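The values are calculated or read from the model by the stated rules, or taken from the named source; none is laboratory data. In this text, all values refer to a predicted model and were calculated from it rather than measured experimentally. Glycine gets a Cβ as well: all are built from the backbone with ideal geometry, and neighbour counts include every protein chain shown. We work out accessible area using only protein heavy atoms, side chains counted, and drop any ligands, DNA or RNA first. Shrake-Rupley method; radii C 1.70, N 1.55, O 1.52, S 1.80 Å.
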Amino acid sequence: MNFPDLFDRFADRVLPANLTDAAILQLRHEAYAEDLPAGGRLHLDDDRSHFIFVGSGATKLAAFVSTEREQIVAFDFAGDIVHVPPRGRYNFALTALTPAEVLVMPADSFLRTTPESCALLKVATEETARALSASRENAITLGRRSARERLACFLLDVWARMADQRKTGEEAIVLPMSRGEIAESLGLTIETVSRQFSELRELGLIETCGRSLLRVVDPEGLSRCAGQVAAAA
């Protein structure tokens, strides 16, 4: 996908319909596209904040707590917007889990206080609110949920967000992240994640094939495991 096609897809999916031509041209001038191979890291100016539109593929956003340790903050898929903060207490990096096409936009393109940028500021505000909501959910998951609840929540979220991979509602999806990356994002060990996958299979809630294929057989039962649906009396 070349830059014009990628930007047009971003505009159709994300930008408000009433955005002025001047604001679109401003953003188009400052945005650029990158093709990332699986495992490829997006190189950004660490002193600036950026918004990244994932045009295709899957990515992970990680915070580096030391030169050798990272904490996965979020997984994102085609159609998602990712906010990458500037360098602060932690450094952040966006890495492709699969070959990915991304559109990179400096955050200040959205935040200029001009009449043409008001609609762009709304897009940035909505993305910030979404990221804050996800961070709060992660805090609850890591602080209060059991290992089974954490994995069940994760699988339900990915199953819903990757719905466009499925031709039918029950068709399997391909998980782009490894068991180790799932474990890291949930604050668990790989052994615990593998054991919970096995137990969820034994309960008839999911089906897997190898390390990647996943099918949620019983969404309501998985929701109960996640603590999202009250068990029947």
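For a quick check of your reading of the model, give me the residue pairs whose first member lies in segment 34-58 and is assigned by TED's automatic domain parsing to the domain that holds T98 and under 18 Å from A107 (Cβ atoms), whose second is charged (D, E, K, R) and open to solvent by 30 Å² or more (accessible area, probe 1.4 Å), with beta-carbon atoms closer than 7 Å and at least 6 apart or on different chains.
Correct list of pairs: L42/E34; D46/R87; D47/R87; V54/D80.
For segment 71-82, which positions are over 17 Å from L175 (Cβ atoms) and either among the aliphatic types (A, V, I, L, M) or surrounded by 20 or more Cβ atoms within 10 Å (Cβ to Cβ) (or both)?
V73, I81, V82, listed by residue number.
Six or more apart or on different chains, Cβ under 9 Å: which pairs go from a residue in segment 65-94 that's closer than 15 Å to H50 by Cα to one that's among the aromatic types (F, W, Y) and not in a strand (DSSP E or B)? Could you list them?
I81/F10
Could you list all residues from segment 6-23 that are closer than 27 Å to A96 by Cα and without any contact (Cβ under 8 Å) to a residue 60 or more places away in the chain? Before the answer, list the steps.
Taking segment 6-23 first, the residues closer than 27 Å to A96 by Cα are 6-15.
Those that are closer than 27 Å to A96 by Cα and without any contact (Cβ under 8 Å) to a residue 60 or more places away in the chain: D8, R9, A11, D12.
Kindly provide the set of residues from segment 177-200 that are among the basic types (K, R) and open to solvent by less than 30 Å² (accessible area, probe 1.4 Å), ordered by number.
Answer for segment 177-200, where residues must be among the basic types (K, R) and open to solvent by less than 30 Å² (accessible area, probe 1.4 Å): just R179.
Which ones in segment 50-70 are buried (at least 19 other Cβ atoms within 10 Å of the Cβ) and among the polar types (S, T, N, Q)?
T59
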